[in-house]
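Right, one structure below, let's go through it.
The values are calculated or read from the model by the stated rules, or taken from the named source; none is laboratory data. Source: prediction; values computed, not measured. So basically every Cβ, Gly included, is an ideal-geometry build from the backbone, and we count neighbours across all protein chains shown. Side chains are part of the model used for accessible areas, which takes the heavy atoms of the whole protein and leaves out ligands, DNA and RNA. Shrake-Rupley method; radii C 1.70, N 1.55, O 1.52, S 1.80 Å.
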Amino acid sequence: MNASPATTARTTTPAAPTTGPSALSAFHTTATAARVLRQLRHDPRTIALLVLIPCLMLILLRYVFDASPRTFDDIGASLLGIFPLITMFLVTSIATLRERTSGTLERLLALPLGKADLIAGYALAFGALAIVQSALATGLAVWLLGLDVTGSPWLLLLVALLDALLGTALGLFVSAFAASEFQAVQFMPAVIFPQLLLCGLFTPRSDMHPVLETVSDVLPMSYAVDGMNQVLRHTDMTATFVRDVLIVAGCALLVLGVGAATLRRRTA
């Protein structure tokens, strides 16, 4: 007996193409992070930018205010969080853009590798560098340059690390909209400079024009500076400090999620 056309159609219909894994894989994430770290190991200029430049800027700042150590105390803690954010933003945006334009990212996305694995791998690799960077800068500022903080230096390190991770997330995000390394650098005035001006570093946010104060309330760098100031002035962990840390961490996770959405299997 011959099979009916309907039966034939059912038996010859090709299976739907499988898609890459969507769940986060610890193996794929750590493999991606290891690959990024191996690449960075052969780029001494990037390592110097990440590790040495924030320390050199803090040393320069300390002796700019050599006659007024209190001024260094007032702004040094804030800059301890701002410098890692800026350097991680620059390095991450340029490094990720190179992967996009060279076709490496497209080849990786052709593998059974989820977007979440890629983003988490990049974040893990740069996060490891951020730990080194933040630890060196915090130790230098507190124990060698004499930054006077009322609270625990470990809380300063926590905020500095979260700021570096936020810079990493922002760099991953903006790399999707740049066609060259020069364009990636051009995003810095648009993404970083407004936050720098409105974060309360130069003047208290409450003294700004009401419109600017409202804008500053939605910028993550404002809460990074507030968190540093909380450690600078209070011996114990305050509720405001916890709020600031959670906001910075939440913004970093949110931007990482948006950055994952910008990944495409076609990078051209």
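Applying the Karplus parametrisation 6.51 cos²θ - 1.76 cosθ + 1.60 with θ = phi - 60° to the phi angles of the stretch 66-79, what ³J(HN,Hα) value in whole Hz is obtained for each residue in order, glycine and proline being reported as x?
4, 7, 9, x, 5, 5, 4, 4, 5, 10, x, 5, 5, 5
Not counting ligands, DNA or RNA, and with a 1.4 Å probe, what is His234's accessible surface area in Å² rounded to the nearest 10?
80 Å²
If I fit a long axis through the Cα atoms of helix 239-261 and take the longest principal axis of the Cα atoms of the chain, what angle between them do I get, 0 to 90°, rounded to 10?
It works out to around 30 degrees.
More than 17 angstrom separation, counting every C-alpha pair in the stretch 161-229; what % is that?
Percentage above 17 Å: 47.
Would you mind telling me which residue in Leu172, Leu85, Leu147 has the biggest mean-square fluctuation in a Gaussian network model of the chain, where springs connect alpha carbons within a distance under 10 angstrom?
Comparing Leu172, Leu85, Leu147 in the GNM, the peak value goes to Leu147.
Please build a GNM for the chain, connecting alpha carbons under 10 Å apart, and tell me which residue among Ser206, Ser222, Ser93 fluctuates the most.
Top of the fluctuation ranking is Ser206.
Can you work out the accessible area per residue across the stretch 26-262, with the rest of the protein chains kept in place, probe 1.4 Å, in square angstrom?
On the way: 10750 Å² over 237 residues.
That works out to 45 Å² for each residue.
Which whole-number percentage describes the relative contact order of the chain, with Cα contacts under 8 Å and a sequence gap of 6 or more?
Numbers: 350 pairs, mean separation 69.7, N = 268.
That works out to 26 percent.
Which cross-chain or sequence-distant (5 or more) residues have an amide H under 5 Å from the amide H of Leu219, H modelled 1.01 Å from N in plane?
none
With θ set to phi - 60°, apply the Karplus curve 6.51 cos²θ - 1.76 cosθ + 1.60 along the stretch 119-134 and write out the HN-Hα couplings as whole Hz, x wherever there is a Gly or Pro.
3J(HN,Hα) across the stretch 119-134, in whole Hz: 4, 5, x, 4, 4, 5, 5, 6, x, 4, 5, 5, 4, 4, 4, 5.
As an exercise, identify the chymotrypsin sites (Phe, Trp or Tyr not before Pro) in the stretch 183-249 lying in DSSP coil whose Cβ has no more than 15 other Cβ atoms within 10 Å.
Sites meeting the loop and neighbour criteria: Phe202.
With the Cα gyration tensor of the chain in hand, give its eigenvalues times 5 under a square root as the equivalent ellipsoid semi-axes, listed largest first in whole angstrom.
On the way: eigenvalues 371, 78, 57 Å².
Sorted largest first and rounded, they come to 43, 20, 17 Å.
Of all the accessible heavy-atom surface of the stretch 26-262, with the other protein chains kept in place and a 1.4 Å probe, what percent is carbon and sulfur?
The computed percentage sits at 70.
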